[in-house]
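The values are calculated or read from the model by the stated rules, or taken from the named source; none is laboratory data. For clarity, every value in this text was computed on a predicted model and none was experimentally measured. Here the Cβ positions follow ideal geometry from the backbone for every residue, glycine too, while neighbour counts run over all protein chains shown.
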Amino acid sequence: MPTMLEVSGLTHQYGQGERAHVAVRDLAFTIESGQLACIVGPSGCGKSTLLRCISGLIPATGGSVRLHGDEVSGVPGDLAVVFQDYSRSLFPWLTVAKNVEFPLRWQKVSKAERSQRAAEVLESVGLSGVGKKYPWQLSGGMQQRVSIARALVSRPALLLMDEPFASVDAQTRGELEDLTRRVQRDLGSTILLVTHDIDESVYLADRVLVLSKSPASIVADLTIDLPAERNQITTRESERFVSLRGEVARLLQSPQVQRPGEPDPATAESGPGTTTVETGDTAGTADTAEAAARS
Ligand SMILES: Nc1ncnc2c1ncn2[C@@H]1O[C@H](COP(=O)(O)OP(=O)(O)OP(=O)(O)O)[C@@H](O)[C@H]1O
Ligand SMILES: [Mg+2]
């Protein structure tokens, strides 16, 4: 599969001098076209900063981001972002259909095609028939579906999602997770999604990147070798799911995540920031070792 996203040596520092804060340090990873990758990491470790750098909303202070080979220096036209807070990201004075059509205003798309594409994408997120309503007339879960539809309408090469389901109830969250996987499969989208929720990362992803505490660096890169067809009940009950979620949880509790840069006594000769994962379960750890070698 061709590479969609290449992040190399990415560093972002907020402020200067005494007030300087390095949020992300020397991050490197690639995302292949058609992948659904999740990022998990402790609160405040720099996940949103990373997504902002990838989306060109803020410039990196070091390293580079390439989207299908082109260096990102502003917000790329073929990239879309879904934020956590749907109530602040949708325009309350526009109907649902007009909200969804909004990104197409800057593309050479006729009015008729705009409304057709909005209707199609609303149908794909299970919201046909609500185009004439206003966002505030919908439930929270429906509003987040509208945000997802709006992100998909411009057929982005890469969809970034920052804690997209954190504001909805547990059942809606499960429905939105399934929707994300279905849409990703049907449209062949490439998605990079940030979540706090370990179970969610394993359930959703083909791959989970685990970040260290601030400044974020990658401590593991796990392949999620669960079957492509997932089910909220049976997948989460499966032995492999339980094993993978345990592996991610252990990584998040590891000293490398809690104290980046400080050598772990067990792996001190390998240098700071290096992680060796011993889970007794070798499947899925090859990428972890590779990531550790890169860090
Ligand atoms: N605009 C800013 N100016 C200065 N520091 C900032 C700014 N935005 C974020 N930070 C700091 O950078 C660090 C990383 O923040 P970021 O929002 O990227 O973390 P996060 O991993 O997304 O956190 P959370 O899981 O809580 O959403 C934090 O210490 C934060 O205080
Ligand atoms: Mg964040």
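For the range 59-68, how many residues meet the condition of being surrounded by fewer than 18 Cβ atoms within 10 Å (Cβ to Cβ) and either charged (D, E, K, R) or touching a residue at least 60 places away in the same chain (Cβ under 8 Å) (or both)?
So in the range 59-68, the residues surrounded by fewer than 18 Cβ atoms within 10 Å (Cβ to Cβ) come out as 59, 61-64, 66, 68.
Narrowing further to those that are either charged (D, E, K, R) or touching a residue at least 60 places away in the same chain (Cβ under 8 Å) (or both): 66, 68.
Going through the range 59-68 one residue at a time, the tally reaches 2.
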Please specify each residue of the range 121-156 satisfying the condition of being outside any helix (DSSP H, G or I), touching a residue at least 40 places away in the same chain (Cβ under 8 Å) and surrounded by fewer than 18 Cβ atoms within 10 Å (Cβ to Cβ).
126, 134, 155
In the range 72-87, is there at least one residue being among the aromatic types (Phe, Trp, Tyr), more than 11 Å from ligand 1 (Cβ to nearest atom) and either touching a Leu at 6+ places or on another chain (Cβ under 7 Å) or more than 21 Å from residue 122 (Cβ to Cβ) (or both)?
no
Which pairs turn up if I take residues in the range 157-170 that are within 7 Å of residue 191 (Cα to Cα) and look for partners that are surrounded by fewer than 22 Cβ atoms within 10 Å (Cβ to Cβ) and of a type in the set (S, T, N, Q) with beta carbon separation below 6 Å, at least 6 apart in sequence or on another chain?
160/55
Residues satisfying the stated conditions in the range 59-89, i.e. among the polar types (S, T, N, Q) and outside any loop (DSSP other than H, G, I, E, B)
64, 87, 89
Lone unmet requirement of (1) over 13 Å from the mean Cα position of the chain (by Cα); (2) closer than 21 Å to residue 31 by Cα; (3) more than 16 Å from ligand 1 (Cβ to nearest atom) for residue 189:
(1)
Selected residue (only one of 157, 170, 112 is among the small types (Gly, Ala, Ser) and either within 25 Å of residue 33 (Cα to Cα) or modelled with pLDDT of 95 or more (or both)):
157
Do we find a residue being touching a Gly at 6+ places or on another chain (Cβ under 7 Å), away from ligand 2 (no atom under 16 Å from the Cβ) and assigned to a strand (DSSP E or B) anywhere in the range 90-111?
no
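Tell me, which residue of the range 157-175 that is part of a strand (DSSP E or B) and within 16 Å of ligand 2 (Cβ to nearest atom) is surrounded by the fewest Cβ atoms within 10 Å (Cβ to Cβ)? Walk me through how you get there before you give the answer.
Keep residues of the range 157-175 that are part of a strand (DSSP E or B), which gives 158-162.
Retained after the next criterion (residues that are within 16 Å of ligand 2 (Cβ to nearest atom)): 160-162.
On the way: 160: 25, 161: 25, 162: 21.
In this case the residue turns out to be 162.
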Can you spot a residue in the range 161-183 that is under 26 Å from residue 49 (Cβ atoms) and in contact with a His (Cβ under 8 Å, 6 or more places away or on another chain)?
yes
Which numbered condition residue 79 misses (of (1) touching a helix residue (DSSP H, G or I) at 6+ places or on another chain (Cβ under 6 Å); (2) closer than 30 Å to residue 25 by Cα; (3) touching a residue at least 60 places away in the same chain (Cβ under 8 Å)):
(1)
Within the range 48-58, of all residues that are touching a residue at least 40 places away in the same chain (Cβ under 8 Å) and part of a loop (DSSP other than H, G, I, E, B), the one nearest to residue 3 (Cα to Cα) is 55
Picking from 17, 34, 44, the residue that is more than 29 Å from residue 225 (Cβ to Cβ) and either more than 16 Å from ligand 1 (Cβ to nearest atom) or in contact (Cβ under 8 Å) with a residue 12 or more places away in the chain (or both) would be 44
Across (1) under 20 Å from residue 210 (Cα atoms); (2) in a loop (DSSP other than H, G, I, E, B); (3) away from ligand 2 (no atom under 16 Å from the Cβ), residue 31 clears everything bar (2)
By residue number, the members of the range 186-206 that are over 19 Å from residue 154 (Cβ atoms) and either in contact with a Pro (Cβ under 6 Å, 6 or more places away or on another chain) or part of a helix (DSSP H, G or I) (or both) are 198, 199, 200, 201, 202, 203, 204
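Does residue 181 count as among the basic types (Lys, Arg) and either under 21 Å from residue 4 (Cβ atoms) or in a helix (DSSP H, G or I) (or both)? First the steps, then the outcome.
Numbers: among the basic types (Lys, Arg): yes; either under 21 Å from residue 4 (Cβ atoms) or in a helix (DSSP H, G or I) (or both): yes.
Spelling it out, residue 181 is indeed among the basic types (Lys, Arg) and either under 21 Å from residue 4 (Cβ atoms) or in a helix (DSSP H, G or I) (or both).
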So is residue 113 touching a residue at least 40 places away in the same chain (Cβ under 8 Å), more than 21 Å from the chain's Cα centre (by Cα) and away from ligand 1 (no atom under 16 Å from the Cβ) or not?
no
